[in-house]
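The values are calculated or read from the model by the stated rules, or taken from the named source; none is laboratory data. Predicted, not measured: the structure shown is a model, and the values here were computed from it. Positions of Cβ are generated from backbone atoms using ideal geometry, with glycine treated the same way; all protein chains shown enter the neighbour counts.
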Amino acid sequence: MKGQAPSCTVHTPASLVGALEILFAEKGTWRPLAGGTDLMVPFAAGTLPFTRFLNLWGLDELRGIEISPENISLGALTTYADVRSHSLLRAEFPNLVQSARVTGAMAIQNRGTLAGNIANGSPAADTPPSLLAYGAEVQLQSLAGSRWVPYESFHTDYKQTVMLPEELITRIRLPRTTGDTFHFFRKVGTRKAQAISKVCLAAYARAEEGRVAEFRLGMGSVAPVPLRALTTEMLIQGQRLEALDDHSIAEAKQALLEDIRPIDDIRSTASYRRKVSANVLGQLLEAMIERFKRPQIRA
Amino acid sequence: MNPSLHIGHSRIRKEGRAKVTGAAQYTDDVCMSGMLYGATVRSRVARGILKGIEFGEGIPWDEFIIVTAKDVTGDLYVALIEQDQPFLALDRINHPEEPVVLLAHEDRYLLEKARAAVRLIIEPLPPLFDLEESLACREVIWGSDNSFKDILIEQGDVDSVWGAATHIVQGEYKTGAQEQLYIEPNGAIAVAKAEEGVTVWGSLQCPYYVHKALKHLFNLPDEKVRVIQMETGGGFGGKEDYPSLIAGHAALLSLKSGGRPVKIVYDREEDMVATTKRHPSRTRIRSAFDAEGQLLALDIDFALDGGAYLTLTPVVLSRGAIHAGGPYRCPNTRIRARAVATNTPPHGAFRGFGAPQSLFAIERHMNVAAAEMGMDPIALRKQNLLKMGDSTATGQIIKEAIDLPGLLDRALEKLDYTAKQESCRVHNASSSPIKRGVGFASFMHGCGFTGAGESYLASVAGVEGREDGKIHVLAAATEMGQGANTILSQVVAEVLKVPLEYVEVARPDTALVPDSGPTVASRTTMVVGKLVQEAAIGLRQILLQAGFLSEPYAGEAFSNAVKQYLAKNGHLKAYSQYSTPPQIVWDDQNYKGDAYTTFAWACYATEVAVDTRTFEVQVEDFVALQEVGRVLNPTLAEGQIEGGVAQGIGYGLSEQVVWNEGRMANGQMTNYIMATSMDLPRIRVYFEESPYPLGPGGAKGIGELPMDGSAPALLNAIQDALATVTPREIPLTPERLMELVESSNG
């Protein structure tokens, strides 16, 4: 353990406002600490560049899952374990549940939070592809007020986000999924548990009147940021279902290579990530075509 | 029906309760008063000349104990086989984790800051990382030609065969480094005082190796060095030679501090990056067969990357070379085995000790050869498997009534190999992206030390009667999770016909137990077990002859006899020393004769599913069938086999050490992909028991065997699944498999 615990200060604010006041007054000097599961890794390795932590764990304002007819809104401190056990999420957002299930070990899932997973900004995080596929929005709050940001524009570069130093993520909102829907999630990490993604894909599609009315594809570990594969999405979205065939799958696989920018690193190679991204996209589209052959509309 | 009292019964692990309740004391659980923490400053440069050491600003250096090579008054080099590895680099840097400066302080946080503040001035020299480049002497980095050891095993006349052979099949096979990944990292605590000597407590496999290293380092007589094994959380060979270094480091710091206890415990990354791993290997095989598939000649070139220092490499090479011909009869064999230096941390012992590397090559090669000759790999093996009266590559005549074709048949039957292969064919003809296949490997593992090793060791073990009427086993054999405590207790309790609770294993402490040799080489049960068995017979004889005991007796009568004998005589001990069985002859100069007193034999068979979209391999079924003499404790034995297979699956498929300038770049458990329970199939373990007359209760060694056969069986199954690819290198990661598939697609 190379982390310098005695040099660290952990401040626990009594309220959300208290936390925002500190962030505003001492801008850029406090690192928000939620579950701590991402921070502890570089801390133990002695490479964490922060020493002052704002402990958000006790802020119950940032907890709770709220359901409205249009949205499901998840408090920033919603843990992976919370996600896994929530019945509406399991019914309407199975990709998110799946991605929570394959993140870390159970102990990590009990501590790690959704907001932490995105604020950390890792391109290899497992919930971002699902959040992108579901068209999530992120609420950022500061003393000056709050704003909703589409999650697809949240990450600006490797470990960079649109968050201002005085802001905190307070909620994550997903539009309810209804109608004739298709969900797909696959993480490729070589082992089935406790792996970091080499490639991660999540897709959400909805069929209506014989067409693909909605299609969103979120990807992880294939670029400096988690990203939506927009070129690929455009090829599929709006297509008539009966027009989707092997040729459209081949075109989509080709298009995906335009969307992603994978690299070689200690976990895998760029060429593997390209090949497997395309192959898994093929698997996804075949499954989608099969699924939409017969409408299934949830009551 | 089992007429034995303990042998063959699944007794509960002796130290299990203490481990489960947390009462067991591991090295890092111990805190002594006035204790300092020690840390190691490492070179970070693969090869160079140390020009200077700078101690940076902002650290109260006068509060620190600082040790460099210049503080060493005894022998700077670790006493093992060859004295080439310094405890601390003097001027030459030979790998990027070379220890250069030792620091100690009571504040472990300040210690970390100080470690980061030491700057080493190193003038770099061109490093060598590649095995072939080292063989070719592109740079000379060790000795006159980089060679740690060169072995030639010859039988018959290989070169006379090629012209007449119907088939000649050649192949090259590679294996990667592998990290032991025991659950408890390496660590030691030392107290060293000029007048009193040195005492070390540590997580270690071989107390007497550490004892020898410390004697030389401090120039002390036997009795002034004491090494005590703490509870040890796994070893797998990774705590065979490296603990000598850590113990030496802690003791050097302690001595300079005036005798304060110094603790050095590595964190996971330091342990993974700096300590030993399995030797990477490259094997070239040229083989000749007649029209029926009879093996006529094997010409094998086996090479190991030894890392920067010699450490145990010659012995690893030796075992690898002897196993390189596999369990086959071949009248003409030449095995050239070489181990050379590279500028990576020294590679060392790891379960299997050279055999997994060379057996991987021969067991893949047999399938490659079968495919090239259009033969069934089962039929090909059955033609050539050793039987009683045949001789191995070293000319060792097999004297046991072994039935290897039968072993193979029964393993395949357990897997339902033929039916599975047929259903795989049908499945693979469909459009499914999942391709299935079956594979197997036949192999053996020599039990105990190679060649004359056991004679040189001349191990001693004993038993001692205690005042409470119990018996203590006196041996340097260490418990590290494999079950040695329980097995040795079972053997002694069986001889003495007493309940298992009457027997305890004394903590391995060089002040109290004799040198029964290192806990390695699948030798503890077979060799040390036999010694304690004989010692126990001796102790019982003493009690019988002294009249304190008469047969038949009950457990309580025995315990009373021990108490009465002690009351009269003061002490009750019996020892036994190893002597080589008379029919065993080994010629170390020419590598001829009986390389091992016996072998354990096995056939492992597996079914895999390959996802051709992600190139991931799922092991669907695994049968591990072996003949290991008599099984002393079925639960422990099955656990050994399951664990070894799991380690073998990782070795074959995913455990890749990523090297960057001679340094492991993925020294974290998140990035070094060891299989978890979710990745493993149900491992079905079967034993065929054929009591070995020279082993205690009929036992042979089993510890390393399961490491040998899993990887080739898996790759054979992957070839069966994909047909168009011929994998020859492990770990066969998804990335490597993708490249193979893509190149076979043109």
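So which pairs qualify, if the first residue must be in region B:253-277 and surrounded by fewer than 21 Cβ atoms within 10 Å (Cβ to Cβ), the second must be among the basic types (Lys, Arg), the Cβ gap must be under 8 Å, and the two must be at least 6 apart or on different chains? That search, which allows pairs on different chains as well, returns B:GLY258/B:LYS193; B:GLY259/B:LYS193; B:ASP267/A:LYS2. For the criterion of being buried (at least 21 other Cβ atoms within 10 Å of the Cβ) and not acidic (Asp, Glu), A:ALA193 fails. Of everything in region B:118-127 that is among the β-branched types (Val, Ile, Thr) and surrounded by 17 or more Cβ atoms within 10 Å (Cβ to Cβ), the residue that is nearest to the other protein chains (Cβ to nearest Cβ) is B:VAL118. Look at A:ASP265 and say whether it is within 22 Å of A:PRO295 (Cα to Cα) and either modelled with pLDDT of 95 or more or not assigned by TED's automatic domain parsing to the domain that holds A:LEU96 (or both). Criteria not met by A:ASP265. Out of B:SER257, B:SER244, B:SER287, one residue alone is in the same structural domain as B:ALA192 (by TED's automatic domain parsing) and touching a helix residue (DSSP H, G or I) at 6+ places or on another chain (Cβ under 9 Å). It is B:SER244.
Out of the residues in region A:281-295 that are within 14 Å of chain B (Cβ to nearest Cβ) and surrounded by 21 or more Cβ atoms within 10 Å (Cβ to Cβ), which is nearest to A:ARG228 (Cα to Cα)? Looking at the filtered set, the residue picked out is A:LEU281. Taking (1) surrounded by 14 or more Cβ atoms within 10 Å (Cβ to Cβ); (2) away from chain B (no Cβ under 14 Å); (3) not in a helix (DSSP H, G or I) in turn, A:GLY238 satisfies each apart from (1).
Which of the residues belonging to region B:79-102 are among the hydrophobic types (A, V, I, L, M, F, W, C) and in contact with a Gly (Cβ under 7 Å, 6 or more places away or on another chain)?
Initial filter on region B:79-102 (among the hydrophobic types (A, V, I, L, M, F, W, C)): B:79-81, B:87-90, B:93, B:100-102.
Scanning region B:79-102 gives B:PHE87, B:ILE93, B:LEU102.
Within region A:254-280, being within 11 Å of another protein chain (Cβ to nearest Cβ), part of a helix (DSSP H, G or I) and more than 21 Å from the chain's Cα centre (by Cα) holds for A:ALA270, A:SER271, A:TYR272, A:LYS275, A:ASN279. Of all residue pairs spaced 6 or more apart or on separate chains, those with beta-carbon atoms under 7 Å, a first member in region B:90-115 that is more than 21 Å from B:ALA190 (Cβ to Cβ) and a second member that is among the charged types (D, E, K, R) and surrounded by fewer than 21 Cβ atoms within 10 Å (Cβ to Cβ) are B:PRO96/B:ARG44; B:PRO96/B:GLU661.
Any residue at all in region B:646-660 that's modelled with pLDDT of 95 or more, assigned to a strand (DSSP E or B), within 14 Å of chain A (Cβ to nearest Cβ) and surrounded by fewer than 23 Cβ atoms within 10 Å (Cβ to Cβ)? Yes - at least one qualifying residue is present in region B:646-660. Quick check, is A:SER248 under 18 Å from the mean Cα position of the chain (by Cα), in a helix (DSSP H, G or I) and not acidic (Asp, Glu)? Criteria not met by A:SER248. Does any residue of region B:673-687 turn out to be away from chain A (no Cβ under 14 Å), among the β-branched types (Val, Ile, Thr) and in a loop (DSSP other than H, G, I, E, B)? Within region B:673-687 (the criterion being away from chain A (no Cβ under 14 Å), among the β-branched types (Val, Ile, Thr) and in a loop (DSSP other than H, G, I, E, B)), the answer is no, since none of the residues qualifies. Entry remark, region B:534-575: residues being more than 15 Å from B:VAL463 (Cβ to Cβ) and among the hydroxyl-bearing types (Ser, Thr, Tyr) number 2 in total. Taken together, the residues in region B:553-608 that are small (Gly, Ala, Ser), in a loop (DSSP other than H, G, I, E, B) and either touching a Lys or Arg at 6+ places or on another chain (Cβ under 9 Å) or crowded, with 22+ Cβ neighbours inside 10 Å (or both) amount to 2.
For residues in region B:466-491 being small (Gly, Ala, Ser) and in contact (Cβ under 8 Å) with a residue 60 or more places away in the chain, which is farthest from B:VAL227 (Cα to Cα)? Before the answer, list the steps.
Kept after step one, since they are small (Gly, Ala, Ser), are these residues of region B:466-491: B:469, B:475-477, B:481, B:483-484, B:489.
From the residues that got through so far, the ones that are in contact (Cβ under 8 Å) with a residue 60 or more places away in the chain too are B:469, B:476, B:481, B:483, B:489.
On the way: B:GLY469: 27, B:ALA476: 10, B:GLY481: 20, B:GLY483: 21, B:SER489: 22 Å.
Checking each candidate, the answer is B:GLY469.
Within region A:186-198, residues that are facing chain B (nearest Cβ under 8 Å) sit with their Cβ atoms under 8 Å from residues that are among the acidic types (Asp, Glu) and surrounded by fewer than 24 Cβ atoms within 10 Å (Cβ to Cβ), at 6+ positions apart or across chains, in these pairs: A:VAL188/B:GLU616; A:THR190/B:GLU616; A:ARG191/B:ASP679; A:LYS192/B:ASP679; A:ALA193/B:ASP679. So is B:ARG115 farther than 30 Å from B:PRO280 by Cα and either within 14 Å of another protein chain (Cβ to nearest Cβ) or assigned to a loop (DSSP other than H, G, I, E, B) (or both) or not? Taking the combined requirement at face value, the residue satisfies it. When you look at B:GLU63, is it within 26 Å of the chain's Cα centre (by Cα), acidic (Asp, Glu) and surrounded by fewer than 20 Cβ atoms within 10 Å (Cβ to Cβ), yes or no? No: the conditions fail for B:GLU63.
Being buried (at least 16 other Cβ atoms within 10 Å of the Cβ), more than 23 Å from B:TYR309 (Cβ to Cβ) and not assigned by TED's automatic domain parsing to the domain that holds B:HIS347 is the requirement here; does B:GLU57 meet it? It is false that B:GLU57 is buried (at least 16 other Cβ atoms within 10 Å of the Cβ), more than 23 Å from B:TYR309 (Cβ to Cβ) and not assigned by TED's automatic domain parsing to the domain that holds B:HIS347. Would you say B:ALA177 is of a type in the set (Gly, Ala, Ser) and at pLDDT below 95? Answer is no for this residue.
Does region B:231-238 contain any residue that is outside any loop (DSSP other than H, G, I, E, B) and among the hydrophobic types (A, V, I, L, M, F, W, C)? Before you say what the answer is, go through the steps one by one.
Of all residues in region B:231-238, those outside any loop (DSSP other than H, G, I, E, B) come to B:231.
Next, only the ones that are among the hydrophobic types (A, V, I, L, M, F, W, C) stay: none.
Within region B:231-238, none of the residues are outside any loop (DSSP other than H, G, I, E, B) and among the hydrophobic types (A, V, I, L, M, F, W, C).
Residue pairs whose Cβ atoms lie under 8 Å apart, sitting 6 or more positions apart in sequence or on different chains, and linking a residue in region B:725-737 that is away from chain A (no Cβ under 11 Å) and in contact (Cβ under 8 Å) with a residue 40 or more places away in the chain to a partner that is small (Gly, Ala, Ser) and in a loop (DSSP other than H, G, I, E, B), are B:GLU729/B:GLY176; B:ILE730/B:GLY176. Residues that are within 14 Å of chain A (Cβ to nearest Cβ), crowded, with 19+ Cβ neighbours inside 10 Å and within 25 Å of the chain's Cα centre (by Cα): does region B:128-143 have at least one? Among the residues of region B:128-143, not one is within 14 Å of chain A (Cβ to nearest Cβ), crowded, with 19+ Cβ neighbours inside 10 Å and within 25 Å of the chain's Cα centre (by Cα), which makes the answer no. Considering region A:110-152, and only residues there that are touching a helix residue (DSSP H, G or I) at 6+ places or on another chain (Cβ under 8 Å) and among the aromatic types (Phe, Trp, Tyr), the residue that is surrounded by the most Cβ atoms within 10 Å (Cβ to Cβ) turns out to be A:TYR134.
Here are B:VAL78, B:VAL72: which of them is at pLDDT 95 or above, under 23 Å from the mean Cα position of the chain (by Cα) and closer than 13 Å to B:ALA213 by Cβ?
Just a single option satisfies the conditions, and that option is B:VAL78.
Residue by residue through region A:216-227, note down the ones that are assigned to a strand (DSSP E or B) and either within 14 Å of chain B (Cβ to nearest Cβ) or surrounded by fewer than 24 Cβ atoms within 10 Å (Cβ to Cβ) (or both). Residues satisfying the conditions are A:ARG216, A:LEU227.
If I ask for residues that are hydrophobic (A, V, I, L, M, F, W, C) and in a loop (DSSP other than H, G, I, E, B), which ones from region B:370-414 would you list? Please lay out each step first, then the result.
Taking region B:370-414 and keeping what is hydrophobic (A, V, I, L, M, F, W, C), we get B:370-371, B:373, B:375, B:378-380, B:385-386, B:388, B:393, B:397-398, B:401-402, B:404, B:407-408, B:411-412.
The answer is B:MET375, B:LEU386, B:MET388, B:ALA393, B:ILE398, B:ALA401, B:ILE402.
Per the conditions (1) within 12 Å of another protein chain (Cβ to nearest Cβ); (2) closer than 22 Å to A:SER122 by Cβ, the sole criterion not satisfied by A:SER7 is (2).
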